[in-house]
1. Name the single residue that is nearest to residue 285 (Cα to Cα) among those in segment 241-253 being touching a helix residue (DSSP H, G or I) at 6+ places or on another chain (Cβ under 8 Å) and either part of a helix (DSSP H, G or I) or in contact (Cβ under 8 Å) with a residue 12 or more places away in the chain (or both).
2. Where the second residue is crowded, with 18+ Cβ neighbours inside 10 Å and in a helix (DSSP H, G or I) and the first is at positive phi and lies in segment 186-210, which pairs have Cβ atoms under 8 Å and are six or more apart or on separate chains?
3. Is at least one residue of segment 45-60 outside the structural domain of residue 198 (by TED's automatic domain parsing) and assigned to a helix (DSSP H, G or I)?
4. What are the residues in segment 48-63 that are within 17 Å of residue 140 (Cβ to Cβ) and surrounded by fewer than 18 Cβ atoms within 10 Å (Cβ to Cβ), if any?
5. Select from segment 285-299 the residues that are assigned to a loop (DSSP other than H, G, I, E, B) and touching a helix residue (DSSP H, G or I) at 6+ places or on another chain (Cβ under 9 Å) and write down the one among them that is modelled with the highest pLDDT.
6. Looking only at residues in segment 135-153 that are farther than 21 Å from residue 70 by Cα and over 19 Å from the mean Cα position of the chain (by Cα), which one is surrounded by the fewest Cβ atoms within 10 Å (Cβ to Cβ)?
7. Going by what's in this entry, would residue 73 be described as free of Cβ contacts under 8 Å to residues at least 24 places away in the same chain and closer than 25 Å to residue 15 by Cα?
8. Which numbered condition trips up residue 321, out of (1) under 28 Å from residue 220 (Cβ atoms); (2) crowded, with 19+ Cβ neighbours inside 10 Å?
């Protein structure tokens, strides 16, 4: 059985460090939906005096009613349930007076729902932070999943709460090294495949079955109507957009490889001016990202920046008509011919992540990890140091290579690197191969090549 709470030591260390400080804290925790924010907060407060409050989009009055109930449980005072206050400010004032010098944590989750109900709510919380919480032993955690709203309305420079927070933490996906806690019955290649499908999102990973193969999980847990993962991306898009149709169309074609603005406009029929606005919205909400090749300020591409969204829009969404009537085997048969190329592309993203998190060590301290492309030439990974002018060119292959094949790949990489215009006269070059499996790896390393496979990750 998969553990209910895995890892998050750094996050807990941060929160416990803040809690240990001799002052009231205002901590902002944010991150994508399903990433594990709620579980993190509940784990943090489980051995402390505090309450967790989940906001809803019903009404301000309903949220105040819920807060009164939680404050009654926290203080042991039933009168909180019958208090007259119809605003958060007075409710927190009563709590401060009741708590006295006692230390407590108030965790308010899905704070953006309150903002949607009343745009002035951020100013209310700024005032209660300044006039009520300051000088008390009550700490406030503000949490939310709407990335755009959290970054602008809560963390942004123009936000009334700007300058009030004493700490913030963006919760990231679980790292690859923690995948074994979810899938102990599988080897590293399978762990990568699971990650290529679901990313490091705990909610998604828990919906898969450790006792099933990767292929069986795709059939039984993703392609089968009624399963949670079957239409999860559509559910999340409807959470963000009242009318997600246009955004769904854009994401569909991004998943199919139409990554340049002109290509997207042509295939979707969306006029370029309007398309720019839609792409900007998707970027601000962290559904997509804009990637530039090394050394360029234009000519970039757009990519979906969530593994499950990439998988779902490529393999599930185009086949929904057949899946709705139960043709799982037929659909899987079709996608099985494409899925290895999908893993190949995801392996590139995976290696970049491993480099950024220092799970794969580079031969120099780097400042940037990029990709590079020009006309028909492409280099999967380019790692650079702006300070020392060192550069590493890397090629990724989701396959097993012998020594001869590995050398051939690296030699071609050396050829392509000559086209890269970046400090050509002064740079020090390194060349690396990243593959699923490389035979005679140590022999290649003795010959001066940088070679990594899954065993090194």
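The values are calculated or read from the model by the stated rules, or taken from the named source; none is laboratory data. Quantities reported herein were computed from a predicted structural model and do not represent experimental measurements. Every residue, glycine as well, gets a Cβ built from its backbone with ideal geometry; the counts of neighbours run over all protein chains shown.
1. 247
2. Filtered contacts from segment 186-210: 199/307; 199/308.
3. The answer is yes; a qualifying residue exists.
4. 48, 49, 54 - these are the residues of segment 48-63 that are within 17 Å of residue 140 (Cβ to Cβ) and surrounded by fewer than 18 Cβ atoms within 10 Å (Cβ to Cβ).
5. Ranking the qualifying residues of segment 285-299, first place goes to 287.
6. 135
7. The answer is yes for residue 73.
8. (2)
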